[in-house]
Amino acid sequence: MIRLLFALRDVLALAEHAVAAPRHKPSFIDVLDGTTPTPALWFAGDEGLYLMSNGLPAQPHPTGSNRLHVVHARGYRTAMSKHAVSCDVGGDDFCEPLPLLESQPDGASLHTRLVDAVAAGAALFVIDLDRTCMQIYPAQRHHLEVPS
């Protein structure tokens, strides 16, 4: 298993963009199923491991460059870093939508959980991941033990 750590406030900014956007880019699954895309964070792996908004118009990078705004997992900013853990994340490049407004098992949406976590002082958004399972959650502690 691999544990990915993201700055929670930065992830919330991506989520706020997706929720406020008038349109949303469809995921591969939306295209295949012919479904209408909804606000989501996209968890992607290619040039590193990162999250981005699916909102349209796309969220520009804060520096004003031609790149889109993404939030990288700590330590995974390059294609080399992503490929170093490719056996843990399922191999090739990927994009996994994380719906923001759908109710989770606890009844709250991911967006609500992010907002509540920031208000409670949490600092991290965590993705625990292996080839068959992904768990996502905010973390109160600034330092989490990285699983082996």
When you scan the stretch 12-119 for helices (runs of 4 or more DSSP H) that lie fully inside it, which ones turn up with 1 or more residues that are within 24 Å of ARG131 (Cα to Cα) and in contact with a helix residue (DSSP H, G or I) (Cβ under 8 Å, 6 or more places away or on another chain)? 79-84, 86-89, 110-119
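Across the stretch 4-37, which residue is nearest to the chain's Cα centre (by Cα) among those that are of a type in the set (Val, Ile, Thr) and farther than 17 Å from PRO57 by Cβ?
Of everything passing the filter in the stretch 4-37, VAL11 is nearest to the chain's Cα centre (by Cα).
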Name every residue in the stretch 38-59 that is over 24 Å from ARG3 (Cα atoms) and either out of contact with any Asp or Glu (no Cβ under 9 Å at 6 or more places or on another chain) or without any contact (Cβ under 8 Å) to a residue 60 or more places away in the chain (or both), in order of residue number. PRO39, GLY55, LEU56, PRO57, ALA58, GLN59
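Every number here is computed from the coordinates shown, using simple stated rules; none is lab data. Remember, it's a predicted structure, so these values are computed and weren't measured experimentally. Quick reminder, even Gly has a Cβ in these numbers, built from the backbone with ideal geometry, and neighbours come from all protein chains shown.
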